[in-house]
1. What's the total number of residues in the stretch 153-176 that are open to solvent by less than 30 Å² (accessible area, probe 1.4 Å) and touching a helix residue (DSSP H, G or I) at 6+ places or on another chain (Cβ under 8 Å)?
2. Where residues in the stretch 246-263 are open to solvent by 100 Å² or more (accessible area, probe 1.4 Å) and either under 30 Å from GLU220 (Cα atoms) or β-branched (Val, Ile, Thr) (or both), which of them is farthest from the chain's Cα centre (by Cα)?
3. Are any residues in the stretch 162-210 of a type in the set (Phe, Trp, Tyr) and either in contact with a Gly (Cβ under 9 Å, 6 or more places away or on another chain) or in contact (Cβ under 8 Å) with a residue 40 or more places away in the chain (or both), and if so, which ones?
Amino acid sequence: MAPKWRDLADRFAEQIKSGEYPPGAQLPQIRELVEAGEGSKETVHKAYKALEAEGLVTSTRGHGTVVRPRAPLKRLGIARYDKAKWRDGDEVAFIADRVASGRAYKRNEQTQTVSRMQANSLVAEGLGVLVGSEVYARARLVKEGTQPTHTLTSYYRPEHVEGTRIVDPTPGPAGRGGGYRVLYDAGYEIDHMREALFARIPTADEVQLLQLPVGEPVVELHRTTYTADGTVVEFAVGIHSASRFAWDYDFKVPDSAQDRKEQE
C-alpha cells in the first residue's frame, strides 16, 4: 500500500495532466490541505516535493507551489536580430522569440526604467569607455503574462541616444522596431554582435525578481553590438531564468581554409 503522501501526489499529478490545474495555477496552501483532512503537514510537504521532483510544479518563497509553465520559450540566436524584423517591421527581439515559440505576447510585457549612471568596469569595457564615464542604462523586465522570464539592461553612450526614444521610460519597446530601429534612424545601423553566455547561481534579488524556484540557476548573457566600422553602440547584460528558455542557434559553418584560398 502506497504511503498517504504518494496517493496525494498522484492525485494532484493527474489533475495537473488533465488540465484541472493549468500552467501557472497555484496549488492549495499546505495549511489548507491539512485543515481539509488531507494529511499532516509532513504528508502534504512530501507530496509537493514529489511533484516538484517530477517536474510538474515549482515552489518559491512567497508564491507557493505553482504548476510549471508550458515548454520553454525558444530564445533564438542570430534569427532574432534579422533586420527585416525590426527595420522593416515591428518584431523586436523578445517578440521574435514569442512568435517562433507560437506564444502570445503584449508589448507592455516589457517594462523598463531608464537612468544615467557612471560606468562600472564591466560596462566600461563593454562600451569601450573609461570607468566612471556617463552612460545611459535602459533596464527591462520581460514577462510572459504575469511570469517574469528575464531581465535585460542595455548600456549606451549618451552621444548615440540622447533625445531618442531609447531614453523614454514608457513600458514596451522603444517605438516601432525598438532600440535597433532607433539607432538605425540615428545613423548607427547595427552590423554584427558578440554574445557570451554562462550559468551561475542567482542572487537573492534575482530570485525574488524572476520568481525563481528553489535551486534554479540563471543564464547570464553579455551582448556587444557593433556598426560596420566597429563602433560599439550597445552593451547589454541579460539575466534569464534557466528553465524558461531553450537556446536555439542556426548558423553557417565556417571554413577558414577556403576563406584563405579565396583571399590568395
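The values are calculated or read from the model by the stated rules, or taken from the named source; none is laboratory data. Since the model is a prediction, treat every value here as computed from it, not as a measurement. Every residue, glycine as well, gets a Cβ built from its backbone with ideal geometry; the counts of neighbours run over all protein chains shown. Accessible surface areas use protein heavy atoms only, side chains included; no ligands, DNA or RNA. Shrake-Rupley method; radii C 1.70, N 1.55, O 1.52, S 1.80 Å.
1. The number of residues fulfilling the criteria is 9.
2. At the first step, the residues of the stretch 246-263 found to be open to solvent by 100 Å² or more (accessible area, probe 1.4 Å) are 250-254, 260-263.
Keeping just the survivors that are either under 30 Å from GLU220 (Cα atoms) or β-branched (Val, Ile, Thr) (or both) gives 250-254.
Working: ASP250: 19, PHE251: 22, LYS252: 25, VAL253: 27, PRO254: 29 Å.
Taking the candidates together, the pick is PRO254.
3. From the stretch 162-210, those of a type in the set (Phe, Trp, Tyr) are 180, 184, 188, 198; that's our starting set.
Selection gives TYR180, TYR184, TYR188.
Here's the yes/no breakdown for (1) touching a strand residue (DSSP E or B) at 6+ places or on another chain (Cβ under 6 Å); (2) over 24 Å from TRP247 (Cβ atoms); (3) assigned to a strand (DSSP E or B); (4) open to solvent by less than 50 Å² (accessible area, probe 1.4 Å):
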| site | (1), (2), (3), (4) |
| --- | --- |
| ALA100 | yes, no, no, yes |
| THR113 | yes, yes, yes, no |
| GLY126 | yes, no, no, yes |
| VAL129 | no, yes, no, yes |
| ARG140 | yes, no, yes, yes |
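A quick yes/no check of all residues on (1) open to solvent by less than 60 Å² (accessible area, probe 1.4 Å); (2) on the phi < 0 side of the Ramachandran plot; (3) not in a helix (DSSP H, G or I):
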{"position": "ALA2", "(1), (2), (3)": "yes, yes, yes"}
{"position": "ARG11", "(1), (2), (3)": "no, yes, no"}
{"position": "LYS17", "(1), (2), (3)": "no, yes, no"}
{"position": "GLU20", "(1), (2), (3)": "no, yes, yes"}
{"position": "GLY24", "(1), (2), (3)": "yes, no, yes"}
{"position": "ARG31", "(1), (2), (3)": "no, yes, no"}
{"position": "GLY37", "(1), (2), (3)": "yes, no, yes"}
{"position": "VAL66", "(1), (2), (3)": "yes, yes, yes"}
